[in-house]
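See below for the structure under consideration.
Every number in this text was worked out from the coordinates using simple rules, so none of it is lab data. Just so it is clear, the model here is predicted, and its values are computed rather than measured. Don't worry about glycine lacking a Cβ; one is built from the backbone with ideal geometry, like all the others, and counts go over all protein chains shown.
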Amino acid sequence: MALLFNSPQIKKTPASIVMFLRDFFRLLVMYLGIAVVVVVVAILILPAAREQLQQLRETVVSALEPDNSVVPEQDFRNLFAPNDYSGDLKESTPAVPATGEAAATEKGFFANLMIDQPQFILPGVPAAKAQLLRDYIARKFRVARNVTGSLILTVYENAREKDLDPLLVLGVIAVESRYNPFAESHVGAQGLMQVLTRVHIEKFDEFHGGQLSALNPVANVRVGTRILRDCIKRRGSVDGGLACYVGATSLNAGSGYAKRVQAERKRLALESGIPLSKNLGLYY
């Protein structure tokens with residue numbers, strides 16, 4: 001501004017000096033006004049921003065710190081394996097054993113992990129088709145083949161026990177959790193079949209760990225198939241039962257979910273060559 005005022009091209013008359021000073025003070029007032037606005041906005045925003053940053057910091061620190069309230073490691077081991085430990089663990093923290101069919105199913109799941117690929121068979125299913133089913137699921141959902149085989153055997157055992165088409169149950173698992181036994185939804189549904197644990201907590205009493213058993217693949221499938229069967233009986237059709245299973249109040253509300261499960265079920269049948277049940281999910 002001073003250089004402009006000292007320029008030889010500007011005539012230094014009283015009028016020009018007055019005009020220059022007027023423009024100068026006008027700019028000065030404008031910049032001061034902007035500075036005042038910035039200060040006021042900063043005063044209003046900074047405390048809230050500082051509080052949010054503090055909350056974020058506390059959240060991150062809380063997530064990274066070890067949680068002393070977590071169930072001890074041995075309890076998780078009891079959750080996923082039969083009660084046949086040896087050594088100090090068994091003496092110090094004896095597990096509450098599962099009973100009856102639940103215990104037999106759990107032991108069967110872990111025993112089935114040892115089955116070699118050529119030996120994998122399903123009751124009533126040709127060996128070649130059973131292996132195609134296992135390989136397709138393992139490949140698509142990136143699950144180890146021996147784990148996939150054991151999961152399929154568990155599904156077949158529980159589904160046929162409840163007169164359900166095993167491919168329907170496998171379709172539900174594919175849609176619900178993509179075969180992740182530790183999946184959890186935003187509403188608290190857990191495990192392979194996304195059982196809403198807080199609603200069906202008493203159904204896990206027969207397994208190790210109580211409510212935590214929802215993350216046990218065997219317990220989750222056993223409870224999930226029971227809920228699915230009850231939903232189908234209540235609604236009178238497979239699609240209606242699927243809508244009930246996902247929490248829809250009517251078939252129309254749950255039709256999208258039912259179509260996704262049925263589409264996955266048909267895809268499993270196509271990839272494996274296992275024929276579909278004529279009742280679209282039920283054997284009776």
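Less than 18 Å from a label point 7 Å out along the Cα-to-Cβ axis of Val199: which backbone N atoms in segment 239-276 qualify, by residue?
239-259, 261
Kindly flag which residue pairs out of Lys162/Lys233; Lys129/Lys266; Lys162/Lys203 have an alpha-carbon separation exceeding 18 Å in this structure. Write down the numbers at each step before the final one.
Values: Lys162/Lys233 11 Å; Lys129/Lys266 14 Å; Lys162/Lys203 15 Å.
As for pairs spanning more than 18 Å Cα to Cα, there are none.
What ranking of His208, His200 emerges when the number of other C-beta atoms within 10 Å of each C-beta is taken as an exposure proxy, fewest first?
On the way: His208 26, His200 15.
Exposure proxy ranking, most exposed first: His200, His208.
So if each residue of separation counts as 0.36 nm, and I subtract the Cα-Cα distance between Glu161 and Asp23, what length gain in nm does that give?
On the way: separation 138, 0.36 × 138 = 49.68 nm, distance 9.12 nm.
40.6 nm is the gain from fully extending Glu161 to Asp23.
How do Phe20, Phe25 line up, fewest other C-beta atoms within 10 Å first?
In increasing order of surrounding Cβ atoms, one gets Phe25, Phe20.
Which of the chymotrypsin sites (Phe, Trp or Tyr not before Pro) across segment 151-233 are loop residues per DSSP, with 12 or fewer other Cβ within 10 Å?
Sparse-neighbourhood loop chymotrypsin sites (Phe, Trp or Tyr not before Pro): Phe182.
In what order do Leu21, Leu192 fall by count of nearby beta-carbon atoms within 10 Å, going from fewest to most?
Listing Leu21, Leu192 from fewest to most nearby Cβ atoms yields Leu21, Leu192.
Using a/c under 1.5 as the rounded threshold, could you call segment 102-272 rounded, prolate or oblate? The axes a ≥ b ≥ c are square roots of the C-alpha gyration tensor eigenvalues, and prolate needs a/b larger than b/c, oblate otherwise.
Oblate is the answer for segment 102-272, as a/c is 1.5 or above yet b/c matches or exceeds a/b.
What list of ³J(HN,Hα) values in whole Hz, one per residue of segment 253-266 in order, does the Karplus curve 6.51 cos²θ - 1.76 cosθ + 1.60 (θ = phi - 60°) give from phi, with Gly and Pro shown as x?
Working through the residues one at a time gives 5, x, 5, x, 5, 4, 5, 5, 5, 5, 5, 5, 4, 5 Hz.
Would you work out the charge dipole size for segment 102-272 about its Cα centre, treating the Cβ of every Lys and Arg as +1 and the Cβ of every Asp and Glu as -1, and quote it to the nearest 20 debye?
About 460 debye.
For segment 214-227, just list the computed ³J(HN,Hα) in residue order, Karplus coefficients 6.51, -1.76 and 1.60, θ = phi - 60°, integers in Hz, with x standing in for Gly and Pro.
In residue order, the calculated couplings are 4, 8, 7, x, 5, 4, 5, 5, 4, 6, x, 5, 5, 5 Hz.
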